[in-house]
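Before any comments, here is the structure.
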Amino acid sequence: MKRAMKGRRALVVSSGAMMVLCVLAGTCFTGAQTRDQAVVPVTCRVVAALEATFPGAVTLGNLNVGAPPVTSAPQSVTVRSNAPWALNIKSDAQDGRLRQWTGTAYLTPNPKMLSSPLEWKRQDGAEFVAISGNEATVVSNMPPTGSAGTTVSIVFRQSASYDDEALPDPGHTYRIEVTYTATQTY
Amino acid sequence: MFRTSLSFALAMMVLFAVAAPSGSALSAGISIRVSPASIVAAVQDGDTIGPIIVANPGDSAIDIEGCVQQGGHDEGGIPVCRPYGNPSAEGVFVTLDPAEFRLSPGASRAVRAKVHVTPGFSGGAYPVILFRGSPATRSSGHQLGASSQVAVLTLLTVTPRRQGVRAEAKPVLVSVGVAQDTSKAAIKVFATCENKGNLHADLGGVVVMRQQDGKVAAEAVMPTGVCLPGYRRTLIGSVAGTCIGSGAYVAEVRVQSSGREVESALVAFRVDDGNRIASTHLDLGASRRDRLPSSGPNTPRVAKVSVPAVSSGWNLPVEVCLENPNTSDLDPIGYVEIWDYQMRRVGLVALGGARVAPGDPAVIRLIWPEPLPPGYYTARATLQWGNQQKSASTAFVVGESAVRHKG
């Protein structure tokens, strides 16, 4: 019995020693963990993204000869970009003049054409300029927009004179296609 | 009560009348998003780049049509695209899969671009991928039809496989200039580079403005930009006008390509008492030609630059003799450089002086602000007149006495 008690005490003592050792070891491990800090770099790249909301088609209505040119409502392009960007504009007619449209296509051959080209300007710009088939810069070197985006408004203007024939077919109109291009810059 | 309602109704009518477009009607617009909007990749024949995610963040369905054009840019880096004449005849052309698709509101589609490289081609290729959007239910009755497109720029490099063939950028500085930016009360320095290599250049640069005593008055970083082969790109450095007082200055423009300095040029300017400057544009090709003695007889020039042939290198006196055979007064501006025997510029000061009357020679004297260690040197004085530069130089030696003096 005594021997058994002795053995149990020895066991208890050894258990206690183990606990102390474990605590010490634990402390040591803890100390090691606080000293050996791991610094892990986290890197990433943000992909260039570009989003643009463009205006739809426009009807200028009736152009009256001798009356002031008809001006469109502002056509707004809203761009969101995380890199510098630009907005260009061009038309499908090299000379920027509206051509006779049958309702589904330009009349061929020999469509009637307006004598003066469609003009455009930025709403906050000073001068109207004729649109053409060559890309013209609406805005350039624009900084990244942030989430709010940046809105650019464009106004079109068209005049009519006695050189511009009234189209006899009520289904025909004068028409031009304007192309907006949003792009980031080099 | 009735009067109030009537007033309100009238006010609303006026408001609507003002807000309504003057004789124009609109149709709904569209939205397109592309990501990535620019792609830089080293490619081989058959590689696929992308995918490019094309999305419709708008609230109506759109039809998308992709096409590829040849990229270029203006001097400001604004892309200028032109259709390929015969895509398969190009060194590199790109085909899209899918090239046409419809996107319902909120939907997106991954587009893969396959690269085709003509055998033997190496260098850079710069296709621009355009995604043109149109409403799925298209109206054709409008007088101003609207097409909308967003561009994805690519910078593709095809590494040469043959020995002796290199793909490299060769930016050459073709002009520099200074101008006043009145809207921002700043002085802008321009540097235009032309890339004569076959690979795009990632350009950047710095501008250092020095005064007549050689001290740095201001520095500016020129924001980086890409210059495609065969194109010109203008970098602009801007310095606040408040940093610069009246006097003569010389701006040193250092252009870097991929972080390595490749070219530098100098342009002198004078700031008057009202903090104004005259715009200057130097065609560097022309100015290099004009440094030859064959320039016209009536143009102002540096007749002589004098430095003691042997000196101690301390308080070095430099004399610049100017001639003005023109019929109008000359406000001399320019700069003096000192080069060592390895043709490294070791010093630079701005040159300015009193107005020189027609026919009169004038001498500008200055004391070199920094001591020079013993060695062989060349002093070169450059007079800038209008948009031209004329130079003269002389060689001199700094002897050991400079060391003794210092000791």
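Each reported figure results from applying straightforward, stated rules to the coordinates on display, with no laboratory input. For clarity, every value in this text was computed on a predicted model and none was experimentally measured. Note: ideal-geometry Cβ built from the backbone for every residue, glycine included; neighbour counts use all protein chains shown.
A few comments on the model shown:
- Sorted fewest first by neighbouring Cβ atoms within 10 angstrom, A:MET142, B:MET222 come out as A:MET142, B:MET222.
- Average projection area in nm² (convex hull over Cα atoms of segment B:76-220, one quarter of hull surface): 16.1
- Checking the Cα-Cα distances for B:LYS215/B:LYS390; A:LYS90/B:LYS188; A:LYS90/B:LYS196 against a 27 Å cut-off, the pairs over it are A:LYS90/B:LYS188; A:LYS90/B:LYS196.
- The aspartates and glutamates whose alpha-carbon is closer than 17 Å to the alpha-carbon of A:LYS112, local same-chain residues fewer than 8 away aside, are A:ASP92, A:ASP95, A:ASP163, A:ASP164, A:GLU165, A:ASP169, A:GLU177.
- Computed over every Cα-Cα pair of segment B:234-383 and binned at 5 Å starting from 0, the pair-distance distribution P(r) comes out as 2, 7, 15, 19, 20, 17, 12, 6, 1, 0 percent.
- For segment B:94-161, taking the reciprocal of the average inverse distance between every pair of different Cα atoms yields a Kirkwood hydrodynamic radius of 14.9 Å.
- B:SER328 paired with B:ALA185, simple spin-label distance in nm, labels 7 Å along Cα-to-beta-carbon: 3.0
- Rounded to the nearest 10 degrees, the inclination of helix B:2-19 to the longest alpha-carbon principal axis of chain B is 60 degrees.
- Cβ-to-Cβ counts within 10 Å put A:HIS172, B:HIS200 in ascending order as A:HIS172, B:HIS200, the fewest first.
- Spatially, segment B:300-377 and segment A:144-176 are offset by 61 Å when compared through their Cα centroids.
- Each of A:ILE176, B:ILE49 was scored by other Cβ atoms within 10 Å of its Cβ. Arranged with the fewest first, they read B:ILE49, A:ILE176.
- Anchor B:LYS114: aspartates and glutamates whose Cα lies under 14 Å away (excluding residues fewer than 8 positions away in-chain): B:ASP45, B:ASP47, B:ASP97
- Qualifying GluC sites (Glu not before Pro) in segment B:39-132, where qualification requires a DSSP coil assignment and no more than 15 other C-beta atoms within 10 Å, are lacking entirely.
- Remark: segment B:93-110, residue by residue, has Karplus-estimated 3J(HN,Hα) of 9, 10, 10, 10, 9, x, 9, 9, 6, 10, 10, 6, x, x, 7, 9, 9, 8 Hz, where x stands for each Gly or Pro and the curve is 6.51 cos²θ - 1.76 cosθ + 1.60 at θ = phi - 60°.
- Choice from B:GLY164, B:GLY133, B:GLY197 with maximal GNM fluctuation in chain B (Cα, 10 Å cutoff): B:GLY164
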